[in-house]
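Everything below concerns the one structure shown next.
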Amino acid sequence: AASLGAENELTTSIALDRFKSRVINSEKYSRKNAKLVRYRLQIAASFLLVIFSLGYYISRKYIQMQQPMVINQVIMPEGSKGKVVLPDGSLVWLKSNTKIVYPETFSDKVRAVKVFGEAYFEVVPNKQKPFIVNADQLAIKVLGTKFNVRNYNERDDITVSLLEGRV
(Lines give C-alpha, C1' and ligand atoms only; values in the text may rest on other atoms or scores of the structure.)
Protein backbone atom coordinates (compact mmCIF):
# COMPACT_ATOMS: atom_id res chain seq x y z
CA ALA A 1 0.00 0.00 0.00
CA ALA A 2 3.02 2.23 0.66
CA SER A 3 4.31 1.84 -2.86
CA LEU A 4 0.90 2.67 -4.27
CA GLY A 5 0.91 6.04 -2.42
CA ALA A 6 4.46 6.78 -3.57
CA GLU A 7 3.52 5.85 -7.12
CA ASN A 8 0.44 8.11 -7.00
CA GLU A 9 2.57 10.89 -5.56
CA LEU A 10 5.13 10.44 -8.33
CA THR A 11 2.41 10.40 -11.01
CA THR A 12 0.80 13.48 -9.49
CA SER A 13 4.15 15.25 -9.33
CA ILE A 14 4.89 14.41 -12.99
CA ALA A 15 1.42 15.54 -14.04
CA LEU A 16 1.84 18.78 -12.05
CA ASP A 17 5.24 19.44 -13.69
CA ARG A 18 3.75 18.85 -17.14
CA PHE A 19 0.87 21.19 -16.33
CA LYS A 20 3.26 23.92 -15.09
CA SER A 21 5.39 23.44 -18.21
CA ARG A 22 2.34 23.85 -20.46
CA VAL A 23 1.22 26.97 -18.60
CA ILE A 24 4.70 28.55 -18.82
CA ASN A 25 5.02 27.63 -22.51
CA SER A 26 1.51 28.92 -23.14
CA GLU A 27 2.39 32.28 -21.47
CA LYS A 28 5.57 32.56 -23.56
CA TYR A 29 3.59 31.71 -26.68
CA SER A 30 0.91 34.28 -25.77
CA ARG A 31 3.53 37.01 -25.24
CA LYS A 32 5.18 36.11 -28.52
CA ASN A 33 1.82 36.17 -30.30
CA ALA A 34 0.89 39.49 -28.69
CA LYS A 35 4.12 41.06 -29.94
CA LEU A 36 3.52 39.60 -33.40
CA VAL A 37 -0.07 40.87 -33.45
CA ARG A 38 1.06 44.38 -32.33
CA TYR A 39 3.74 44.42 -35.03
CA ARG A 40 1.24 43.38 -37.70
CA LEU A 41 -1.24 46.04 -36.53
CA GLN A 42 1.48 48.70 -36.72
CA ILE A 43 2.34 47.66 -40.27
CA ALA A 44 -1.35 47.64 -41.25
CA ALA A 45 -1.89 51.10 -39.70
CA SER A 46 1.16 52.50 -41.52
CA PHE A 47 -0.03 50.98 -44.78
CA LEU A 48 -3.52 52.45 -44.34
CA LEU A 49 -2.06 55.86 -43.54
CA VAL A 50 0.00 55.79 -46.74
CA ILE A 51 -3.03 54.66 -48.78
CA PHE A 52 -5.31 57.37 -47.33
CA SER A 53 -2.65 60.06 -47.80
CA LEU A 54 -2.10 59.04 -51.39
CA GLY A 55 -5.86 58.93 -52.01
CA TYR A 56 -6.29 62.41 -50.52
CA TYR A 57 -3.47 63.84 -52.64
CA ILE A 58 -4.81 62.27 -55.85
CA SER A 59 -8.41 63.32 -55.16
CA ARG A 60 -7.32 66.89 -54.38
CA LYS A 61 -5.38 67.13 -57.66
CA TYR A 62 -8.33 65.58 -59.54
CA ILE A 63 -10.77 68.07 -58.00
CA GLN A 64 -8.47 70.97 -58.90
CA MET A 65 -8.27 69.72 -62.49
CA GLN A 66 -12.07 69.37 -62.68
CA GLN A 67 -12.81 72.89 -61.47
CA PRO A 68 -13.09 75.29 -64.38
CA MET A 69 -10.75 78.25 -64.23
CA VAL A 70 -12.74 81.47 -64.10
CA ILE A 71 -11.10 84.27 -66.06
CA ASN A 72 -12.02 87.89 -65.38
CA GLN A 73 -11.75 90.57 -68.03
CA VAL A 74 -12.12 94.28 -67.35
CA ILE A 75 -12.34 96.68 -70.28
CA MET A 76 -12.12 100.41 -69.61
CA PRO A 77 -14.09 102.25 -72.32
CA GLU A 78 -12.82 105.32 -74.10
CA GLY A 79 -12.86 108.43 -71.94
CA SER A 80 -12.94 106.47 -68.66
CA LYS A 81 -10.44 105.47 -66.02
CA GLY A 82 -10.86 102.87 -63.30
CA LYS A 83 -9.30 100.76 -60.56
CA VAL A 84 -9.26 96.96 -60.29
CA VAL A 85 -8.39 95.00 -57.15
CA LEU A 86 -6.77 91.68 -58.08
CA PRO A 87 -7.31 88.44 -56.07
CA ASP A 88 -4.04 88.94 -54.13
CA GLY A 89 -4.92 92.51 -53.17
CA SER A 90 -2.71 94.16 -55.80
CA LEU A 91 -4.15 97.34 -57.32
CA VAL A 92 -4.35 98.21 -61.02
CA TRP A 93 -5.47 101.55 -62.44
CA LEU A 94 -6.64 101.26 -66.04
CA LYS A 95 -6.58 104.14 -68.51
CA SER A 96 -9.01 104.69 -71.34
CA ASN A 97 -9.21 101.87 -73.96
CA THR A 98 -7.39 99.39 -71.71
CA LYS A 99 -8.19 95.76 -71.04
CA ILE A 100 -6.85 93.50 -68.29
CA VAL A 101 -7.37 89.73 -68.15
CA TYR A 102 -6.72 87.80 -64.90
CA PRO A 103 -7.92 84.60 -63.17
CA GLU A 104 -10.43 84.70 -60.33
CA THR A 105 -7.79 83.01 -58.17
CA PHE A 106 -4.08 82.94 -58.87
CA SER A 107 -2.24 79.62 -59.16
CA ASP A 108 -0.03 78.23 -56.39
CA LYS A 109 3.16 79.23 -58.21
CA VAL A 110 2.60 82.50 -60.04
CA ARG A 111 0.29 85.53 -60.27
CA ALA A 112 -0.17 86.28 -63.97
CA VAL A 113 -2.24 88.92 -65.79
CA LYS A 114 -2.48 90.22 -69.38
CA VAL A 115 -2.68 93.90 -70.26
CA PHE A 116 -3.74 95.55 -73.52
CA GLY A 117 -3.48 99.34 -73.26
CA GLU A 118 -2.03 101.30 -70.35
CA ALA A 119 -2.16 100.33 -66.68
CA TYR A 120 -0.46 101.37 -63.45
CA PHE A 121 0.28 98.53 -60.98
CA GLU A 122 0.84 98.48 -57.22
CA VAL A 123 1.78 94.84 -56.63
CA VAL A 124 1.50 93.22 -53.20
CA PRO A 125 4.90 91.66 -52.32
CA ASN A 126 5.08 87.85 -52.30
CA LYS A 127 8.50 86.27 -52.89
CA GLN A 128 7.04 82.77 -53.23
CA LYS A 129 4.61 83.81 -56.01
CA PRO A 130 6.07 86.24 -58.54
CA PHE A 131 3.70 88.62 -60.31
CA ILE A 132 3.89 88.52 -64.12
CA VAL A 133 2.34 91.03 -66.49
CA ASN A 134 2.07 89.74 -70.04
CA ALA A 135 2.02 92.48 -72.67
CA ASP A 136 2.18 90.90 -76.15
CA GLN A 137 5.61 89.21 -76.39
CA LEU A 138 6.91 90.88 -73.22
CA ALA A 139 6.54 89.28 -69.78
CA ILE A 140 7.30 91.61 -66.87
CA LYS A 141 8.19 89.71 -63.69
CA VAL A 142 7.99 91.46 -60.30
CA LEU A 143 7.79 90.45 -56.65
CA GLY A 144 6.24 93.62 -55.25
CA THR A 145 6.63 97.02 -56.86
CA LYS A 146 4.92 100.02 -58.48
CA PHE A 147 5.15 100.47 -62.24
CA ASN A 148 3.29 101.51 -65.36
CA VAL A 149 2.86 99.43 -68.54
CA ARG A 150 1.89 100.90 -71.93
CA ASN A 151 0.96 98.34 -74.60
CA TYR A 152 -1.32 99.62 -77.35
CA ASN A 153 -1.98 97.58 -80.51
CA GLU A 154 -1.51 100.57 -82.82
CA ARG A 155 2.01 101.20 -81.47
CA ASP A 156 5.01 98.98 -82.13
CA ASP A 157 6.59 99.50 -78.73
CA ILE A 158 5.83 98.45 -75.17
CA THR A 159 6.85 100.84 -72.40
CA VAL A 160 7.48 99.93 -68.77
CA SER A 161 8.03 102.80 -66.32
CA LEU A 162 9.28 101.81 -62.88
CA LEU A 163 8.30 103.99 -59.92
CA GLU A 164 9.38 101.78 -57.03
CA GLY A 165 10.94 98.32 -56.63
CA ARG A 166 12.35 96.09 -59.39
CA VAL A 167 11.05 94.64 -62.63
Phi-based couplings in Hz for segment 77-93 (Karplus 6.51, -1.76, 1.60; Gly and Pro marked x): x, 4, x, 10, 9, x, 10, 10, 9, 7, x, 8, x, 5, 10, 9, 9
Check which residues have an amide H placed less than 5 Å from Thr145's amide H, if you skip close sequence neighbours. Val123
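Carbon and sulfur: what percent of segment 46-125's accessible surface (1.4 Å probe)? All intermediate terms of the calculation are to be shown ahead of the outcome.
Numbers: 3370 of 5400 Å².
On segment 46-125, the fraction of accessible area on carbon and sulfur atoms equals 62 percent.
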I need the phi-derived Karplus couplings for segment 37-45: 6.51 cos²θ - 1.76 cosθ + 1.60, θ = phi - 60°, integer Hz, Gly and Pro marked x. 5, 4, 4, 5, 5, 5, 5, 4, 5
Starting from a Cα-only point model with no solvent, please compute log10 I(q)/I(0) by Debye for segment 114-167 at q = 0.17, 0.29, 0.32 1/Å. -0.48, -1.19, -1.36
Taking the alpha-carbon distance from Lys127 and a cut-off under 17 Å, which lysines remain once sequence neighbours fewer than 8 residues away in the same chain are dropped? Lys109, Lys141, Lys146
Measuring from centroid to centroid over Cα atoms, what is the spacing of segment 125-155 and segment 85-119 in Å? 9 Å
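How large is the accessible surface per residue of segment 65-167, computed with a 1.4 Å probe and reported in Å² as a whole number?
Details: 6370 Å² over 103 residues.
Per residue, segment 65-167 has 62 Å² of solvent-accessible surface.
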Tell me which aspartates and glutamates have Cα within less than 17 Å of Lys83's Cα, excluding those fewer than 8 residues away on the same chain? Glu104, Glu118, Glu122
Pop out the ³J(HN,Hα) list for segment 133-146 in order, Karplus 6.51 cos²θ - 1.76 cosθ + 1.60 with θ = phi - 60°, rounded to Hz; leave Gly and Pro as x. 9, 9, 10, 6, 7, 9, 10, 9, 9, 9, 10, x, 6, 10
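The values are calculated or read from the model by the stated rules, or taken from the named source; none is laboratory data. What you see is a predicted model, and the numbers here were worked out from it, not measured in a lab. Just so you know, the surface numbers come from the protein's heavy atoms only, side chains and all, with ligands and any DNA or RNA stripped out. Shrake-Rupley method; radii C 1.70, N 1.55, O 1.52, S 1.80 Å.
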